[in-house]
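The values are calculated or read from the model by the stated rules, or taken from the named source; none is laboratory data. It should be emphasised that the depicted structure is a prediction, and the values quoted were computed from it without experimental measurement. Counting neighbours? That spans all protein chains shown, and the Cβs are built from the backbone with ideal geometry, glycine included.
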Amino acid sequence: MGFSAALFGWNLTLCAFVGARVLRSFPADGITRYAVGVIDEPHTLGMWKERVEEAKATFYAGLITARLDYQPEIVWPVAHMTKREVLDFLPPEVIEMASYCRNPAELWGNRFRPCGKCISCDTRRKIGHFP
Ligand SMILES: [Zn+2]
């Protein structure tokens with residue numbers, strides 16, 4: 001059964017797992033950094049420190065059997081930016097590809113409709129980037 005990655009809510013932990021899988025899927029490329037899209041705004045769900053630790057643990061656990069001869073680094077390239085600054089920085093075609101809704105509803109194929117009710121949809125609406 002296939003599914004579109006945009007059809008369910010992603011979080012730090014799921015991204016870390018996928019990041020580790022991508023890194024180990026291309027060993028010849030010698031990927032040394034995993035970039036996380038965390039922003040400089042208070043996290044509304046709380047337990048922020050624990051969430052970051054969970055993501056780090058998931059990323060490195062996903063590499064235990066990869067037998068790399070180096071330790072990939074986790075980097076936070078937009079952690080100094082607000083969500084609005086990130087959305088203003090990104091090209092529109094990249095924003096369109098990004099999933100942000102925590103509970104998206106499928107419409108057809110790989111197209112989805114944001115729920116409009118979750119915290120991520122609320123944030124997008126407040127900063128003016130809600131489609
Ligand atoms: Zn939503």
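Among the residues examined, Thr13 qualifies as part of a helix (DSSP H, G or I), within 22 Å of Cys121 (Cα to Cα) and in contact with a helix residue (DSSP H, G or I) (Cβ under 8 Å, 6 or more places away or on another chain).
Going through (1) at pLDDT 90 or above; (2) under 26 Å from Cys121 (Cα atoms); (3) exposed (fewer than 15 other Cβ atoms within 10 Å of the Cβ) one by one, Asp40 falls short only on (1). Residues of region 47-69 that are of a type in the set (D, E, K, R) and assigned to a helix (DSSP H, G or I): Lys49, Glu50, Arg51, Glu53, Glu54, Lys56.
Flag not set for Leu23, criterion: at pLDDT 85 or above, of a type outside the set (Gly, Ala, Ser) and assigned to a loop (DSSP other than H, G, I, E, B).
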